[in-house]
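The values are calculated or read from the model by the stated rules, or taken from the named source; none is laboratory data. What you see is a predicted model; the values in this text were computed from it and never measured. Cβ coordinates were reconstructed from backbone atoms using ideal geometry, including for glycine residues, and neighbour counts include every protein chain displayed.
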Amino acid sequence: MRRRARELAMRALFAHTQGGVDLEEALRHALEEMGGEDDPYGDPLDEEGVAFARSLLFGYKAHQEEVDRVLKETVEGWDFGQMSKTDLTVLRLAAYEMLHEPTPFAPLIEVAVKIAKRYGGEHSGAFVNGVLGRLFRRIQEGEVRAAPKED
């Protein structure tokens with residue numbers, strides 16, 4: 001359920017950042033697309049999944065400046081303008097979750113990589129894995145503060 005919720009959040013944030021669509025409208029549209037006849041990836045989300053996706057979206061927006069700053073410091077040698085917009089969207093949501101949610105890192109990174117592979121280019125999974133792995137190390141070394149994690 002959380003994987004589909006993260007996909008929903010990614011699709012909505014992508015529409016919001018790339019198309020200038022209002023965040024609620026982008027979420028509503030992405031939700032309509034998910035689980036429909038044209039969506040080969042699975043069933044529609046339940047209310048809990050939608051609530052989780054919404055919390056990721058609005059959590060990222062509330063902390064966008066901080067998340068983007070931490071990402072810029074983490075992606076050595078890359079500028080946001082050089083990145084695939086899909087990869088950047090996946091990274092923004094995953095970085096927000098790593099910094100502000102109690103989700104354990106390993107499953108969060110694994111799902112982000114899968115989403116990047118599904119929606120991104122040939123090297124998206126490896127790129128996202130590398131960036132999030134670097135962010136994980138920065139958190140472990142105390143360079144970056146993160147929310148306490150669930151066991």
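Does Lys85 meet the test of being in the same structural domain as Val144 (by TED's automatic domain parsing), under 13 Å from the mean Cα position of the chain (by Cα), among the charged types (D, E, K, R) and under 21 Å from Met1 (Cβ atoms)?
So Lys85 fails the test.
For the stretch 132-142, which positions are free of Cβ contacts under 8 Å to residues at least 60 places away in the same chain and either in a helix (DSSP H, G or I) or surrounded by 16 or more Cβ atoms within 10 Å (Cβ to Cβ) (or both)? Show your work before the answer.
At the first step, the residues of the stretch 132-142 found to be free of Cβ contacts under 8 Å to residues at least 60 places away in the same chain are 132-133, 136-137, 139-142.
Within the stretch 132-142, Leu132, Gly133, Phe136, Arg137, Ile139, Gln140 meet the criteria.
In this structure, does Gly59 turn out to be modelled with pLDDT of 95 or more, surrounded by fewer than 21 Cβ atoms within 10 Å (Cβ to Cβ) and in contact with a helix residue (DSSP H, G or I) (Cβ under 9 Å, 6 or more places away or on another chain)?
For Gly59, the condition - modelled with pLDDT of 95 or more, surrounded by fewer than 21 Cβ atoms within 10 Å (Cβ to Cβ) and in contact with a helix residue (DSSP H, G or I) (Cβ under 9 Å, 6 or more places away or on another chain) - is met.
Mind checking which residues of the stretch 111-131 are loosely packed, with under 14 Cβ neighbours inside 10 Å and in a helix (DSSP H, G or I)?
Going through the stretch 111-131, the residues loosely packed, with under 14 Cβ neighbours inside 10 Å turn out to be 121-123, 126.
Correct list: Ala126 only.
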